[in-house]
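**Q** Sharing a structure, written as structure tokens. Questions coming.
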Amino acid sequence: MRPFLVFLTLAVAASAQNDAGRIAAVIPSTSVFRGAGAKAVRTPATKDQPVQWNDIIRTESSGRARIALADQSILTLGSNSTLRVVKHDARSQQTALELGYGRIRCQIRQLTASGSRFELRTPTAVAGVIGTDFGADSSDPDETRFVCVTGAVRVRSSDPNITAFTDCTAGMSVTVRRGQAPGPAEPATPEQIERWQHITEPGDDKFDHTIPPPAETPGAALRGRDPFPWLNDTASGRVRWGNVDVSGSVRFRLEGWDFFAPPPGVAGENSYAFAHSTLKFMLSQNHERWAWGAEATVPVIFGAPDNAVSPAPQGQLGLGATYFLSNSSERTSAYVFPSQLWIRAQGFGGDKRNQFTLGRYRFIDGAETKPADPTVNWLKRVRIAHRLLGDFAFTATGRSHDGAQLALNSGKNNFTFAAARPTAGVFKVNGLGELDIAWAYGAWTRPVAGNRGEVRLFGLGYGDARAIVKTDNRPLAARSGADRFENIALGTFGGHYLYAAPSAHGTVDFLLWGVVQAGSWGVQDHRAGAFAAEIGWQPKAPRLKPWLRFGYNFGSGDGDPNDGSHNTFFPVLPTPRQYARYPFYNTQNNHDVSAMLILRPDPRFTVRSEAHFLWLAASADLWYSGGGAYSRGAFGYQGRPSGGQKSLANVWDVSAEYRPTPQWSLGAYYAHAWGGDAVKATFPTRSRSQFGFVEVEFRF
């Protein structure tokens, strides 16, 4: 009996010695993993649950966790974050933590014992402290950002060959990029300080910004490695097959259309419903110096309407008609094709961010870099990207490009160059082939104003050699003769500027975007331009987190179809629904004054509503729609006569998105348009229209 008691006493003592602390507060979904490798046991995190050495705490998109260490230090873990508590000995004051991904705030008790140490390690940096309050953001696999609230943090690279360090004192911030010495300490903005005091706190909805999980971060699967890969199957939803990452998505959408009605006696059904689905399956592998990816896409159209096309000028009555005509006039169609197939060299030239990609890939202009500021990042992703080159992922098939891309970085400067030929697809389920179109793009991007802003300058060359009738305001006879065999060759040059300014009354932001175009449009000269300006305000209302936005977008039109000059702005190959959510119009020949309201009452739930007041830039031009070339036999843009009128329409819409988990999302959208005189010129009987859809998507 005595040996058993001795053994039991020693076992209890050993267990107590390995206790690091406890879960002080938690918001689901948060998990604790205990054990080594694939045999780790996952349990849902609960309040007062013990935390032991080498436990891993992982939060999902809705999760937050506060950990009270044994020495009364406090760790608060943000959404989609992964932390390993390697060691915490309160008596000797020895602590080692590993932040694999995400955000953490550390409020550390003063270290007084001889030889004491508190160390936080990320994939790119190591931070050592004496006693302080600081935050670390490792949501970008290529860098870690530190903000010191009080005290001091000594920061160095995780590369043992780089010995330089930077001391970050109270009110300062430091960024450490992969494979580089830490940057200089810079003053942190008031918004950064305040964000770190709230962003990770369980139950604190002030500045409750949710970062994407590792698998959803742009380029994360290719540029960085998950330090805890064996957790992927059970925690993050990612799947691995040996050393190969397996990912993909399945989306199903049901669309309902009640388009503008054709006049009496004119054929064409304007009210109908149909559905489509998209399956994407991707294999990829990432190494320090190279990576590759291969993706198959399976678009399926269910029940596209076969009677939703009227004679000109009414034409296609909604996108259901477009899907039907684009797929050999079949109501149901499907195809399987490679949508991505590329190889990539990376990390050359002394910078881990440098990349050269060759093959079939997706490219989006304006998305070359990811800003550190969440407001600037949203503006860039939602209100700047896709204006000229987009993947058109709103459609069943989407768009890819066959070519090459080079990304070079020097300090804060990013230089991106790309040249490619677009693939077929978008509304056409067969996205296998290329189009007889080529483009070349170059851009310089740099963060400004202490990462609260960004500037970009770019140029885009485009050539369309298809012998096809162009869509513009000239008579059909002028467009179907010799002009049909003359190429489109034009250049687009412009830039954008973004800025987000925190204030006592909330964050105010604004953006500017503009381009000019020159070249040839068949037998005509081409001169055109476009401009956008927006301003937004996020008042400090933590319950709903509202975001108010107001904007003006302009795309030039052609005032004279007979003067030998084409002056209608040409959006090239965009994702038009990014800026026209009810896609019966686009950015051509258009004035668009808009108002937007976004409500974010929960990290998983977003409501967005927009109002648009539209009129044509030139009454002698057409009312345009479409998003660029997607087939050898379809120009890609449609135009209807304006009847010499300018008033196009007023539009109101609302959307809702709910993400119960990082893998699942549910969405709904509804829009109503009140047509103006330009619409009534073509649809005099009924100039109102509606469009809506519901969709569900699963990502793995």
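The values are calculated or read from the model by the stated rules, or taken from the named source; none is laboratory data. Computed from a prediction, not measured in an experiment: that's the story for all the values here. Glycine also receives a Cβ, built like all others from the backbone with ideal geometry; neighbour counts cover every protein chain displayed.
**Q** Identify all residues within the stretch 427-481 that are in a loop (DSSP other than H, G, I, E, B) and either of a type in the set (D, E, K, R) or not assigned by TED's automatic domain parsing to the domain that holds F415 (or both); write none if there are none.
**A** K428, D436, R452, R466, K470, D472, R474
**Q** Any residue in the stretch 499-510 that is in contact with a helix residue (DSSP H, G or I) (Cβ under 8 Å, 6 or more places away or on another chain) and part of a loop (DSSP other than H, G, I, E, B)?
**A** Yes - at least one qualifying residue is present in the stretch 499-510.
**Q** Given the options P202, P182, name the one that is touching a strand residue (DSSP E or B) at 6+ places or on another chain (Cβ under 9 Å), in a loop (DSSP other than H, G, I, E, B), modelled with pLDDT of 85 or more and buried (at least 18 other Cβ atoms within 10 Å of the Cβ).
**A** P182
**Q** Return yes or no: is I57 touching a strand residue (DSSP E or B) at 6+ places or on another chain (Cβ under 7 Å), buried (at least 20 other Cβ atoms within 10 Å of the Cβ) and farther than 27 Å from S157 by Cα?
**A** no
**Q** OK, next. Just the residues that are in contact with a Pro (Cβ under 8 Å, 6 or more places away or on another chain), of a type outside the set (S, T, N, Q) and crowded, with 17+ Cβ neighbours inside 10 Å, please, taken from the stretch 284-312.
**A** A294, E295
**Q** Let me ask something else about it. From G350, G366, which residue is crowded, with 21+ Cβ neighbours inside 10 Å and either on the phi > 0 side of the Ramachandran plot or not assigned by TED's automatic domain parsing to the domain that holds L512 (or both)?
**A** After ruling out the rest, the residue left standing is G366.
**Q** Could you grab me the full set of residues in the stretch 440-483 that are loosely packed, with under 15 Cβ neighbours inside 10 Å and either out of contact with any Phe, Trp or Tyr (no Cβ under 9 Å at 6 or more places or on another chain) or more than 30 Å from N377 (Cβ to Cβ) (or both)?
**A** G450, A465, A467, V469, P475, L476, A477, S480, G481, A482
**Q** Looking at the stretch 370-396, which of its residues are crowded, with 22+ Cβ neighbours inside 10 Å, in contact with a helix residue (DSSP H, G or I) (Cβ under 9 Å, 6 or more places away or on another chain) and assigned to a loop (DSSP other than H, G, I, E, B)?
**A** Correct list: D373, H386, R387, G390, F392, T395, A396.
**Q** Further question: Failed condition for G564, given (1) farther than 24 Å from I384 by Cβ; (2) surrounded by 20 or more Cβ atoms within 10 Å (Cβ to Cβ), with all others met?
**A** The one condition G564 does not meet is (2).
**Q** At pLDDT 95 or above, over 28 Å from F570 (Cα atoms) and assigned to a strand (DSSP E or B): is that true of A656 in this structure?
**A** Judged against the criteria, A656 is a match.
**Q** Related question: Mind checking which strands (runs of 3 or more DSSP E) fall wholly inside the stretch 566-647 and carry at least 3 residues that are within 24 Å of the chain's Cα centre (by Cα)?
**A** Per the criteria, 590-602, 605-615.
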